[in-house]
Amino acid sequence: MKISLYILFILAAFVLAGAGCTRNNGNIGSWFGTWQVVSITSGEGKIEKLPYTVIVKFQSDIIQTTEQFGSHEYNDYWANWRRAGTSLIIDGVNKSIAPALMLPVNSVVELEIVQAPGSVMVWRYIDDNGNSTEYNLKRLY
């Protein structure tokens, strides 16, 4: 009886270890983790003051954006993402992205990767009128 419980325990441990938190072999390298939007700069050089903290998380093909307000209040938004060369593609169709990022809603958005992920990351979005917005992010963990 003890041996069968021991075998059952070992089997359960292997199943749980194989069912980790990523899917599709979600190795995304330096993109994985939690990032904070430090600043948003418009084409005119104006730095948009964020009224609250905006966090961006990447895992597998999911991007989570979170707006954090005061004490323990937050809104989460989810979309799909992929990297295509020097572009970050966010598929927000029937999904959502944090409104503080001022990106088009319910659409596929392409951002230029100005600086690839390291301890910092920089994106640039150019809208249909040619106006650019630059996003500066720092890795939290």
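The values are calculated or read from the model by the stated rules, or taken from the named source; none is laboratory data. Treat the numbers as computed from the prediction; the structure is a model and nothing was measured. So basically every Cβ, Gly included, is an ideal-geometry build from the backbone, and we count neighbours across all protein chains shown. Side chains included, ligands, DNA and RNA excluded: accessible areas come from the protein's heavy atoms. Shrake-Rupley method; radii C 1.70, N 1.55, O 1.52, S 1.80 Å.
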Short version: ³J(HN,Hα) in whole Hz for each residue of segment 64-71, in order, from phi by Karplus 6.51 cos²θ - 1.76 cosθ + 1.60 (θ = phi - 60°), x for Gly and Pro, what are they?
10, 10, 10, 9, 9, 10, x, 8
Hey, can you grab everything whose amide H is under 5 Å from the amide H of ALA98? Only 5+ residues off in sequence or another chain; H modelled, so Pro and N-termini drop out.
THR65
Could you do me a favour and compute the accessible area per residue for segment 69-110, 1.4 Å probe, result in Å²?
62
Restricting to Cα pairs below 8 Å that are 6+ residues apart, what does the relative contact order work out to for segment 47-141? Please round to a whole percent.
16
Given charges at Cβ of Lys, Arg, Asp, Glu: segment 58-115 dipole, positive-most of THR66, PRO99, VAL109
VAL109
Mean Cβ count within 10 Å, highest first, over the residues of peptides 56-66, 127-137, 93-103:
56-66, 93-103, 127-137
